[in-house]
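The values are calculated or read from the model by the stated rules, or taken from the named source; none is laboratory data. Predicted, not measured: the structure shown is a model, and the values here were computed from it. As a convention, Cβ positions derive from the backbone with ideal geometry for all residues, glycine included, and neighbour counts pool all protein chains shown. Just so you know, the surface numbers come from the protein's heavy atoms only, side chains and all, with ligands and any DNA or RNA stripped out. Shrake-Rupley method; radii C 1.70, N 1.55, O 1.52, S 1.80 Å.
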Amino acid sequence: MAIALGTRLGIGSGGMPGLAAYLSARGLAGSVAGADFRRRLYWLPLATDPTKARWASEAEFFAQFTATSTATRPYFDAGGVLRADLAANQPRFSHFGGTRRLVLENALTNKLLCRKHNPIDLAQLGSGGDAAAVLSLVDDRSALSAAGLSAVCSNGMVYKVSNTAGTTSAVLAFNGSVGNTNVHCVQAWMRGTGTVDLRLSDASASVSAPLVSNWVQYQSGGGTPTAINMTMRVVIPAGAILYLILPGLYEQPFAPHAPVIGDTIATTVRAAESFRLPAGLETAMQGSAGTVLVRMAARRAGTSSSEIPVALGGPAHPVVGVRSAGAIRTMVDGTSTLDATLGGGSPLSGLGAAVSWSAAGTASCANAGAVSTTATPLQPAVRSALYLGRAAAAGYAFGDGAYDLVAAWPDRDDARLRATAVP
């Protein structure tokens, strides 16, 4: 189901008293700009008084959002159904465990050459191992529908390998090599019997998958292939049956939350989703003092200061970057950095981070941790153009995140900073 833009939701009558009550109830009192993506609520400063907020429409809030991909940006609706019906430049909201979040992901290529959904033949697939194993294309529409996959896998066809007559393992091989020795991962939806191994051909990335009768998403962690010609395969033991659809081979250390699909014999590219926040929020960030908060279910963390997945970025640097599994980072002026240790939890399971600034200095904290402070001001240039999920300049990794909330205040308040910076 496509998500219509322009929906306006409010509390009470939808006027300022309703907005003030909502912000107070959410612990956001005084915020002049922000979005609650879970509840589909948006607010921006009043034109006549930028210290006060008004309700905004979804279309207004996403006026600077761009994404050229359409069918290659699937999402899960509230019923858990995988859908791929977004228009270009339409934001993608997906449901994780029943929670609605804004999804922002970088460009990504599914390197497999086979048909990822709606297959009509076995092109670009091969089989090996036990000669008694049978590779075929079968209709599995009932099971696909029960799993919420039939809106994308609409012709009902899936790949099947039966190794029930075999005495040794069989192999389902996919054409399409890694092409380099950067970190890769593999992903597929599978069902059947027995325990199969979804892997790169050198086992540098692998997941052991005990199959059940229902469709389940399986994905490996990241692995470094030993050569550029490594490919994806599934090893099926003797006596087992494998059904498979929506396979993926990706050059990143984690699988996408929803597959990069395609029904042609070719690789498939998902374009980057770029969300520059609305002009009203950027204006609110240009004051001499302020606070900005972002909450997200982070997809990954960096491993060093040279890799900073961005939660909230400015025109050249992260305003809030996930520096590692145990810290967040703010680039305060283009050269100076401010690192804050997490107060608990991990950005891999959920991140709440806030940055405050004044003419005299800045402070930041994450997961309700202690406030870290520097005497270097957070420069207005760092805040002049704000992006969720990335910084505008090249060189900083996308956060590839699922976002809950963003909010801004026109003043610095370290007590608020500590209270609001929770996942």
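Tabulated data for the structure shown
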item: Some residue of the range 3-19 being modelled with pLDDT of 80 or more and of a type in the set (Gly, Ala, Ser); result: yes
item: Residue, nearest to Gly290 (Cα to Cα), within the range 361-411, restricted to residues that are assigned to a helix (DSSP H, G or I) and in contact with a strand residue (DSSP E or B) (Cβ under 7 Å, 6 or more places away or on another chain); result: Arg383
item: Flag for Ser208 being in a loop (DSSP other than H, G, I, E, B), farther than 21 Å from Lys116 by Cβ and polar (S, T, N, Q); result: no
item: Filter result (outside any strand (DSSP E or B) and open to solvent by 30 Å² or more (accessible area, probe 1.4 Å)) within the range 83-110; result: Ala84, Asp85, Ala87, Ala88, Asn89, Gly97, Gly98, Asn106, Ala107
item: Residue satisfying condition, being over 25 Å from Gly401 (Cα atoms), of a type in the set (A, V, I, L, M, F, W, C) and in contact (Cβ under 8 Å) with a residue 60 or more places away in the chain, within set Leu113, Leu82, Leu102; result: Leu113
item: Condition met for Val310 (in contact with a strand residue (DSSP E or B) (Cβ under 6 Å, 6 or more places away or on another chain), open to solvent by 10 Å² or more (accessible area, probe 1.4 Å), under 30 Å from Arg83 (Cα atoms) and not aromatic (Phe, Trp, Tyr)); result: no
item: Strands (runs of 3 or more DSSP E) within the range 24-63 that include 3 or more residues buried (at least 22 other Cβ atoms within 10 Å of the Cβ); result: 33-36, 41-45
item: Matching residues, the range 121-149, being free of Cβ contacts under 8 Å to residues at least 40 places away in the same chain and among the polar types (S, T, N, Q); result: Ser136, Ser142, Ser145
item: Gln217 vs. criteria surrounded by fewer than 22 Cβ atoms within 10 Å (Cβ to Cβ), under 21 Å from the mean Cα position of the chain (by Cα) and in a strand (DSSP E or B); result: yes
item: Filter pass, Gly389 being out of contact with any Lys or Arg (no Cβ under 8 Å at 6 or more places or on another chain) and open to solvent by less than 10 Å² (accessible area, probe 1.4 Å); result: yes
item: Test result for Val235, within 16 Å of the chain's Cα centre (by Cα) and β-branched (Val, Ile, Thr); result: no
item: Verdict on Thr70 being open to solvent by 10 Å² or more (accessible area, probe 1.4 Å), more than 30 Å from Gln217 (Cα to Cα), modelled with pLDDT under 90 and of a type in the set (Val, Ile, Thr); result: no
item: Leading residue by the ranking (modelled with the highest pLDDT) among those in the range 412-423 that are assigned to a loop (DSSP other than H, G, I, E, B) and either buried (at least 24 other Cβ atoms within 10 Å of the Cβ) or acidic (Asp, Glu) (or both); result: Ala421
item: Checklist (1) of a type in the set (Gly, Ala, Ser); (2) farther than 26 Å from Gly79 by Cα; (3) modelled with pLDDT of 95 or more; (4) in a loop (DSSP other than H, G, I, E, B) applied to Ala132, failing item; result: (3)
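Yes or no, residue by residue, for (1) modelled with pLDDT of 85 or more; (2) surrounded by fewer than 24 Cβ atoms within 10 Å (Cβ to Cβ); (3) charged (D, E, K, R):
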| site | (1), (2), (3) |
| --- | --- |
| His317 | yes, no, no |
| Val332 | yes, yes, no |
| Leu351 | yes, no, no |
| Ala366 | no, no, no |
| Thr373 | yes, yes, no |
| Gln379 | yes, yes, no |
